[in-house]
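The structure under discussion appears below in the form of structure tokens.
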Amino acid sequence: MKKPVLVILAAGMGSRYGGLKQIETVGNNGESIIDFSIFDAKEAGFETVVLIIRSEHEKAFEEALGSKIRKHMNVVYSYQNMNDLPNGFEYPQGRDKPWGTTHALLACRDILDGPFMIINADDYYGKHSFKVMYDYLSNEIMDNEYAMVGYILENTVTHSGMVTRAICENEGGYLRKIVERPRIGYLDGVLTVEVDGQMVDIDPKSQVSMNYWGFTPAVFPYFQFVFRRFLENELQGNPLKCEHVLPTAVGEGLAEDQFRVKMLTSSDRWFGVTYREDKPLVVEALARMKDEGLYPSDLWK
């Protein structure tokens, strides 16, 4: 089996946050969250990282990240091209929003030839999860059986505003159903979710997807199919804002018996900068982990 590859989704713009948050500095030596993820992946055994970016951001990524880690990891850029659409579709005039994470992953379809994991650039996932996924990709994964790393909901939310999370249902250790919920957050100290226009309580211990998946290239034809179907159904009605995301793609695959997804778990706490108000908390948490010896003072020295 080929050596597993780390793939990182870094093409989004972060509209709620403002600016190119994927390489925003959060460490005391100029590190971004993505630095910590790549460091943890390297420790787990990964040797190659594929960064999915917009081509116009390559210089910024190379200066902030690529140039530092090339002596430690193989670095490959893959470009999410907004015009890379199935035959018969054209990019709508006036649209500047990416097509979503399903489309972003498809940018790698001609690059990847073995098992891979995929994560977000702006989420801190914790060391344990990379070891769990690397072991799975090295020993267990099959072309019709993939994996996800799930997190406990209360370990993934911010007090700065509402977040989107994909709520997961577990059946015998496999993902039975996954539902994307766009508004989850604290109201008067209680964790709530919007359902049919109403905010209702949600179990803080619910398991959620943080876009942490393990696949083989066999998944690409199906994802191409569901992306085309999404365009057929949604593009005409919402040409400037519609998008298709990986949890939705996986959910469709489960519903249509295309594959199974094993639910791996992590007790690590997630950190992320969804809103600018989150940044000081992330900076403090990562500094504390360095002080405790979980990371060296300079990751890439």
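The values are calculated or read from the model by the stated rules, or taken from the named source; none is laboratory data. Please read these numbers as outputs of a predicted model, since none were measured by experiment. Every residue, glycine as well, gets a Cβ built from its backbone with ideal geometry; the counts of neighbours run over all protein chains shown.
Filtering the range 220-269 to residues that are buried (at least 19 other Cβ atoms within 10 Å of the Cβ), free of Cβ contacts under 8 Å to residues at least 40 places away in the same chain and among the small types (Gly, Ala, Ser) leaves only 253.
Taking residues in the range 185-203 that are part of a loop (DSSP other than H, G, I, E, B), and partners anywhere that are surrounded by 10 or more Cβ atoms within 10 Å (Cβ to Cβ) and β-branched (Val, Ile, Thr), the pairs with Cβ atoms closer than 8 Å and at least 6 places apart or on different chains are 202/167; 202/184; 202/192; 202/193. For residue 1, the conditions (1) of a type in the set (A, V, I, L, M); (2) touching a helix residue (DSSP H, G or I) at 6+ places or on another chain (Cβ under 8 Å); (3) surrounded by 14 or more Cβ atoms within 10 Å (Cβ to Cβ) all hold with the exception of (3).
Residue count for the range 106-122, restricted to those that are farther than 14 Å from residue 212 by Cβ and touching a residue at least 40 places away in the same chain (Cβ under 8 Å): 9. For the range 187-206, a tally of residues being closer than 30 Å to residue 8 by Cβ, surrounded by fewer than 16 Cβ atoms within 10 Å (Cβ to Cβ) and among the β-branched types (Val, Ile, Thr) returns 0. In the range 64-83, the residue that is nearest to the chain's Cα centre (by Cα) out of those that are hydrophobic (A, V, I, L, M, F, W, C) and within 15 Å of residue 31 (Cβ to Cβ) is 65.
Within the range 156-168, the set of residues being out of contact with any Gly (no Cβ under 7 Å at 6 or more places or on another chain), over 17 Å from residue 249 (Cβ atoms) and either in contact (Cβ under 8 Å) with a residue 60 or more places away in the chain or surrounded by 14 or more Cβ atoms within 10 Å (Cβ to Cβ) (or both) comprises 156, 158, 160. Of everything in the range 64-102 that is farther than 21 Å from residue 7 by Cα and among the acidic types (Asp, Glu), the residue that is modelled with the lowest pLDDT is 96.
Cβ separations smaller than 7 Å between residues 6+ apart or across chains give the following pairs from the range 123-146 residues that are farther than 30 Å from residue 273 by Cα to residues that are at pLDDT 95 or above and surrounded by 23 or more Cβ atoms within 10 Å (Cβ to Cβ): 138/4; 141/115; 141/147; 141/214.
Residues of the range 253-271 that are modelled with pLDDT under 95 and of a type in the set (Gly, Ala, Ser): 266, 267. Between 39, 61, the distinction of being at pLDDT 95 or above and either more than 16 Å from the chain's Cα centre (by Cα) or part of a helix (DSSP H, G or I) (or both) belongs to 39 only.
When the range 128-155 is filtered for residues that are surrounded by fewer than 20 Cβ atoms within 10 Å (Cβ to Cβ) and farther than 20 Å from residue 2 by Cα, the ones remaining, listed by number, are 128, 152, 154, 155.
Taking the conditions exactly as written (closer than 27 Å to residue 85 by Cα, buried (at least 19 other Cβ atoms within 10 Å of the Cβ), modelled with pLDDT under 95 and touching a helix residue (DSSP H, G or I) at 6+ places or on another chain (Cβ under 8 Å)), does residue 209 satisfy them or not? Yes; evaluated as a whole, the condition is true for this residue. Does residue 89 qualify as being within 22 Å of residue 168 (Cα to Cα), in contact (Cβ under 8 Å) with a residue 24 or more places away in the chain and not charged (D, E, K, R)? No, not satisfied. Would you please name the residue that is surrounded by the fewest Cβ atoms within 10 Å (Cβ to Cβ), looking only at residues in the range 61-104 that are out of contact with any strand residue (DSSP E or B) (no Cβ under 9 Å at 6 or more places or on another chain) and hydrophobic (A, V, I, L, M, F, W, C)? Top of the filtered list is 89.
Restricting the range 272-301 to residues that are modelled with pLDDT under 95 and of a type in the set (Ser, Thr, Tyr), the residue that is farthest from the chain's Cα centre (by Cα) is 297.
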